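Nothing in this text is a laboratory measurement; each read-out follows from the coordinates by a stated rule. Here the structure is a predicted model, which means the values were calculated and not measured. All Cβ positions, even for glycine, are placed from backbone atoms using ideal geometry, and neighbour counts span all protein chains on display.
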Amino acid sequence: MKSSFLQSPKTTFYGNSAHHYRDLKSHTGFTLVELIVVILLLGILSINVGSRFFGNNSFSDRKVADELVEAIRYAQHLAMSRAASDTFKIVTTSSTYSVQNSSSTAVNNPNRSGDYTITIPSNTSLSATSVSFNGLGKPTPDTDTTITVGSSFTITIEQETGYARY
């Protein structure tokens with residue numbers, strides 16, 4: 001005769017001992033140690049990510065650097081498209097930059113209405129300089145020129161080609 005213990009549908013054998021299904025279900029889930037470790041890791045990650053978004057000027061510095069490189073390339077393009085008839089220059093001050101012709105008049109801005117004089121946000125600064133481009137796109141002065149944007153970026157205008165990069 002068979003034992004009623006062996007015929008029970010809710011009994012499973014693991015090794016030499018018998019466990020019921022309801023016993024296995026009561027042991028599922030995360031331990032307290034696992035939960036605390038995950039919460040600590042999420043806290044450390046959120047502090048690290050939060051510091052990048054709040055109280056950091058690198059985003060506005062990056063935007064100004066991108067737009068200034070665009071303006072430098074535009075001034076070079078204007079000088080090359082007019083051949084040797086006119087030079088164009090980029091002029092930066094601590095709070096503005098502009099694209100100007102040889103008579104120091106700001107040119108029209110193709111992206112916005114008005115002239116190409118841009119005031120940068122107050123939490124960003126520029127180093128003051130002036131770079132002219134001739135009909136071949138070569139910059140004057142005839143050296144590598146650097147423009148510092150805030151504390152994060154340095155734009156370099158190459159001596160021979162006038163290529164602007166940071």
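Worth a mention:
- For region 58-165, averaging the sequence separation of C-alpha pairs within contact (under 8 Å, six or more residues apart) and dividing by the residue count gives a relative contact order of 28 percent.
- Cα→Cβ-extended label distance, 7 Å offset, between Thr93 and Leu41, nm: 5.4
- Viscosity 0.890 mPa s, 25 °C: Kirkwood-radius Stokes-Einstein D of region 102-166 over Cα pairs, µm²/s: 182
- Put simply, the amide H of Thr87, placed in the peptide plane, has neighbours under 5 Å in Ser102, leaving out anything fewer than 5 places away on its chain.
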